[in-house]
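The values are calculated or read from the model by the stated rules, or taken from the named source; none is laboratory data. Keep in mind it's a predicted model, so treat the numbers as computed, not measured. Neighbour counts run over all protein chains shown; Cβ positions are idealised from the backbone, glycine included. Accessible surface is based on the protein model in full, side chains and every heavy atom, while ligands, DNA and RNA are left aside. Shrake-Rupley method; radii C 1.70, N 1.55, O 1.52, S 1.80 Å.
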Amino acid sequence: MSGRGRGLGIAALVVGLLGLVLAVGTFVHMRSAYGASTMSGGSMTPTYKEGDRIIWEHVDGGEVRRGDVVMFRAPQSYGVEGLLMKRVIGVGGDRVACCTTVGSQERVTVNGKPVEEPYVYREDPDGVHRPYDVKVPRGRLFLLGDYRANSQDSRFHLDDQGGTVSVDAVQGRVTDDRTVPALLAGALLLGGVLVLTGIGLGIGALAVRRRKVAQVPPAPWPVQPV
């Protein structure tokens, strides 16, 4: 192979392998660190509306805190399969109750203190006039939707450990910060471009080799003595 063809071949190998490593590594990391879902109901209105694309980061259930929005596997008592999205109102050891009146507004209380909930739909933290007073067991979470009048959540399963959900059921925490996912998507795209570039360089190297072979004149026929 000529010097030019050899150089193209080496470049193709280096660029292609670099792109492959980048693309595969980024894809594996994205799958292990993040998940994506489409909001299929209105229980988290107005924070998240039906049809919204949701990005969530994989976290251990023990890491979530009050106010976090989590994706979790529904217990059997919910009668549904797959992942649900709700907001964490109480963690292990908390006492969650509804509702107390502060001024002219009703409030959910956690450990006896009214909770500010600017995210609830129509400023209605109750929704269904279904009082509850739950001591959250250790290792479990009390979860509510932001649209309290339209959410199947802990309030409707009080007979099963106060309606709480195990932290082990949590699959991830919803994030509105798209910076890291966007950077990962960019790295994945770059890896793909490098792979394609490597393939292009490889084709170029092969073309140079074939052209060089075609330019070599055939060996003369031997002259037979008379």
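Odds and ends about this structure:
- Once each of the GluC sites (Glu not before Pro) sitting in a DSSP loop with at most 12 other beta-carbon atoms within 10 Å is removed, the chain keeps 117-226 as its longest stretch.
- Full-extension gain in nm, Ala149 to Thr100, via 0.36 nm per residue minus C-alpha separation: 15.9 nm
- Contour minus Cα-Cα distance for Arg122 and Arg73 (0.36 nm per residue): 14.9 nm
- The stretch 1-116: C-alpha gyration tensor shape, a/c 1.5 cut-off, then a/b vs b/c: prolate
- GNM flexibility winner over the chain from Thr175, Thr26, Thr101 (Cα, springs under 10 Å): Thr101
- Candidate residues Phe27, Phe156: accessible-area rank, largest first, probe 1.4 Å: Phe27, Phe156
- GNM on the chain, alpha-carbon springs under 10 angstrom: the most fluctuating residue among Ala97, Ala74, Ala11 is Ala11.
- Crossing angle, helix 3-33 versus the chain [Cα axis fit, 0-90 degrees, rounded to tens]: 10
- Each listed q (0.07, 0.08 Å⁻¹) maps to a log10 I(q)/I(0) for the chain, found by the Debye formula over equal Cα scatterers with no solvent: -0.41, -0.47.
- Per residue accessible area in Å² of the stretch 6-164, where ligands, DNA and RNA are left out and the probe is 1.4 Å: 53
- In the stretch 1-156, the portion of solvent-accessible area held by carbon and sulfur atoms comes to 52 percent [1.4 Å probe, whole percent, DNA, RNA and ligands not counted].
- Taking the longest Cα principal axis of the chain as reference, the axis of helix 179-215 is set at about 10 degrees.
- Extension gain for Ile203 to Lys49 (0.36 nm times residue separation, less C-alpha to C-alpha distance): 50.6 nm.
- Taking 19 Å as the cut-off, the amide N atoms of the stretch 47-86 that come nearer than this to a point 7 Å along the Cα-to-beta-carbon line of Thr179 belong to 55-58.
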